[in-house]
Amino acid sequence: MAYNKKVIDHYENPRNVGSFESSEKNVGTGLVGAPSCGDVMKLQIKVDSQGLIIDAKFKTFGCGSAIASSSLVTEKIKGKTLQEAGSIRNSDIANELDLPPVKRHCSVLAEDAIRAAIRDYQEKIAK
Amino acid sequence: MAKNLIYLDYQATTPCDPRVLEKMIPYLCEKYGNPHSRNHAFGWDAESAVESARQQVAKIINAESKEIIFTSGATESNNLALKGAAEFYGDKKKHIITCVTEHKCVLDTCRHLEQKGFSVTYLPVHKNGLIDLETLKEAFTEETLLVSIMAVNNEIGVIQPLREIGALCRERNVFFHTDAAQAVGKIPLDVNEMNIDLLSISAHKMYGPMGIGALYVRRNPRVRLKAQINGGGQERGMRSGTLSPALCVGLGEACVLSQEKMSQESARIRYYAHLFCKKIMEALPEVYLNGDKDSRVPGNLNLSFAHVEGEGLMMAIKNLCVSSGSACTSASLEPSYVLRALGVSEELAHTSLRIGIGRFTKKEEIELAADQIITAVNKLRDMSPLWEMAQAGIDVSSIDWASH
């Protein structure tokens with residue numbers, strides 16, 4: 001199966017790979033997927049006092065489409081408010097990367113990762 | 001095709017040896033007769049080519065040429081062996097024993113026979129991929145017609161104890177069929193010493209052309225099969241249809257070449273596999289060889305690279321043509337059933353690559369491939385949350401993952 005150009009670009013030059021210290025108060029961490037299913041995504045967001053996502057990082061265990069989906073997501077959410085980021089849908093990611101049906105679950109996972117990171121951040125703040 | 005490709009997928013298929021092709025060509029253009037035409041020279045020429053190919057095929061497994069039936073490949077041979085025997089003897093004996101790591105064409109044929117009223121025992125395998133002979137002994141019943149156990153596994157390369165299985169079957173008057181697609185030409189096979197009654201062969205796994213294979217059918221004690229393809233009664237009535245002399249000659253020549261050079265070739269491939277493994281294991285921690293380390297063909301290395309997903313890895317080494325147990329591309333998204341049967345965790349099954357080394361593999365290619373895999377695994381581990389957790393001492397299996 002040949003990959004879409006954008007997938008290859010994100011796979012070969014992944015944006016924002018890495019980790020933030022997850023104990024920091026302004027960091028939200030989302031860890032989704034399962035090793036037994038062949039993909040795990042860790043997405044972290046850094047949020048400023050205005051509720052803007054000022055930075056994002058990811059690490060992903062998975063196929064090229066999973067890595068590309070998470071890389072794309074870090075680009076998309078940077079500079080967005082939590083609400084804006086939370087409204088990103090898997091179909092936006094899948095369409096942008098032109099994922100074939102068998103790979104759409106990668107984009108679903110990426111959407112889950114955004115929500116999980118936001119939720120983690122909000123829970124921290126509420127404490 | 002892209003340049004700089006390194007082919008390391010010899011279990012999927014092998015290139016046709018140029019010496020094989022050379023022998024085939026005359027039977028496509030000049031000597032184009034139908035081998036079943038009995039009344040002119042074109043037919044006689046073609047027939048004699050087919051018959052000498054049949055002898056060459058017989059020789060590599062120490063059989064008689066009359067015991068070789070040409071087919072379209074190992075899938076057809078396996079279908080003919082299992083369905084043919086089941087339909088011929090099915091009113092007396094209705095039980096078949098096979099193994100969970102068999103090729104899909106054996107497993108699917110067994111499922112088909114189950115629907116037709118046969119009972120099938122699927123033997124489990126040990127962690128090393130080999131069946132347990134005691135479990136096999138216990139599986140025999142008065143009703144057992146046939147045991148079908150592959151010689152060499154296509155995914156992990158392990159060699160099943162054929163001689164022992166053959167002896168157990170013969171003592172009980174049960175037929176022994178083996179799918180030897182990955183074994184012929186790679187390990188010595190002797191149908192008499194091993195008490196094999198039916199044996200499937202594929203040409204394109206042994207440097208012959210695609211589209212032809214053979215089934216060995218023992219004549220003494222005789223095994224009878226119900227034909228699955230009806231017609232002019234060719235191949236002792238067991239497989240009708242005009243034979244392709246070119247393809248038959250190709251399979252025959254592939255057998256001759258493999259038999260001649262088997263021990264040398266095997267030693268060279270073993271050396272390359274050793275080089276490859278050494279390089280990988282020295283550079284990378286947490287790499288595991290799947291399948292028994294001794295009872296295996298040297299040209300098959302199935303390795304799990306912990307915390308790196310196989311398909312993602314393949315994308316990073318895109319000029320290396322290998323195969324992954326991850327099967328993330330398949331519609332099912334299930335990891336390899338063979339690795340799962342070995343008790344390899346689903347997680348590790350997703351991280352496996354099958355590296356196939358063969359006749360035309362060069363030493364430089366092996367070294368280059370190892371280097372590229374090492375670079376890719378390091379890059380992907382740096383990107384892997386599982387690797388990060390493992391390095392931090394977090395037990396990945398202790399996390400309550402949500403499956404999706």
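Quick notes on this one:
- Count of residues meeting criterion [surrounded by fewer than 24 Cβ atoms within 10 Å (Cβ to Cβ) and of a type outside the set (V, I, T)] in the stretch B:176-188: 1
- Qualifying residue in the stretch B:371-384 (condition: part of a helix (DSSP H, G or I) and either of a type in the set (S, T, Y) or closer than 20 Å to B:K127 by Cβ (or both)): yes
- When the stretch A:1-40 is filtered for residues that are within 19 Å of A:Y121 (Cα to Cα), touching a helix residue (DSSP H, G or I) at 6+ places or on another chain (Cβ under 8 Å) and away from chain B (no Cβ under 13 Å), the ones remaining, listed by number, are A:K25, A:N26, A:V27, A:G28.
- Considered as a group, the residues in the stretch B:349-370 that are in a helix (DSSP H, G or I) and hydrophobic (A, V, I, L, M, F, W, C) include one that is modelled with the lowest pLDDT, and that residue is B:A349.
- Residue match in the stretch A:117-124 (condition: within 13 Å of the chain's Cα centre (by Cα) and either charged (D, E, K, R) or surrounded by fewer than 18 Cβ atoms within 10 Å (Cβ to Cβ) (or both)): no
- Pick from the stretch B:17-31, criterion touching a helix residue (DSSP H, G or I) at 6+ places or on another chain (Cβ under 7 Å) and not charged (D, E, K, R), ranking: surrounded by the fewest Cβ atoms within 10 Å (Cβ to Cβ): B:L28
- Restricting the stretch B:7-40 to residues that are of a type in the set (A, V, I, L, M) and over 19 Å from B:V249 (Cα atoms) leaves a set whose member that is farthest from the chain's Cα centre (by Cα) is B:L8.
- Single unsatisfied condition, A:L97 versus (1) more than 14 Å from chain B (Cβ to nearest Cβ); (2) buried (at least 20 other Cβ atoms within 10 Å of the Cβ): (1)
- Single match in B:W387, B:W401 (criterion: closer than 16 Å to B:E286 by Cβ and within 11 Å of chain A (Cβ to nearest Cβ)): B:W387
- All helices (runs of 4 or more DSSP H) inside the stretch B:1-98 with 3 or more residues being more than 30 Å from B:K186 (Cα to Cα): B:41-60, B:74-89
- Tabulated pairs, the stretch A:41-68, first facing chain B (nearest Cβ under 9 Å), second of a type in the set (A, V, I, L, M, F, W, C) and in a strand (DSSP E or B), C-beta under 6 angstrom, 6+ apart or interchain: A:M41/A:V32; A:K42/A:L31; A:F58/A:L43; A:T60/A:M41; A:F61/A:V40
- Residue among B:L275, B:L247, B:L225 that alone is modelled with pLDDT of 95 or more and within 20 Å of the chain's Cα centre (by Cα): B:L247
- Any hit, the stretch A:34-56, residues being modelled with pLDDT under 95, of a type in the set (G, A, S) and buried (at least 23 other Cβ atoms within 10 Å of the Cβ): yes
- Inside the stretch A:10-52, residues that are outside any loop (DSSP other than H, G, I, E, B) and acidic (D, E) make up a count of 2.
- Members of the stretch B:293-312 that are in a loop (DSSP other than H, G, I, E, B) and at the interface with chain A (Cβ under 9 Å from one of its Cβ atoms): B:H307, B:V308, B:E309
- Residue check for B:L275: crowded, with 22+ Cβ neighbours inside 10 Å and not in a loop (DSSP other than H, G, I, E, B): no
- Some residue of the stretch B:338-345 being under 19 Å from the mean Cα position of the chain (by Cα), surrounded by fewer than 21 Cβ atoms within 10 Å (Cβ to Cβ) and within 14 Å of another protein chain (Cβ to nearest Cβ): yes
- Single condition B:M315 does not satisfy, out of (1) surrounded by 23 or more Cβ atoms within 10 Å (Cβ to Cβ); (2) closer than 16 Å to B:D9 by Cβ; (3) touching a helix residue (DSSP H, G or I) at 6+ places or on another chain (Cβ under 8 Å); (4) within 11 Å of chain A (Cβ to nearest Cβ): (1)
The values are calculated or read from the model by the stated rules, or taken from the named source; none is laboratory data. The model shown is predicted, which means the values in this text are computed figures rather than measured ones. Note that each Cβ is placed from the backbone with ideal geometry, even for glycine, and that neighbours are counted across all protein chains shown.
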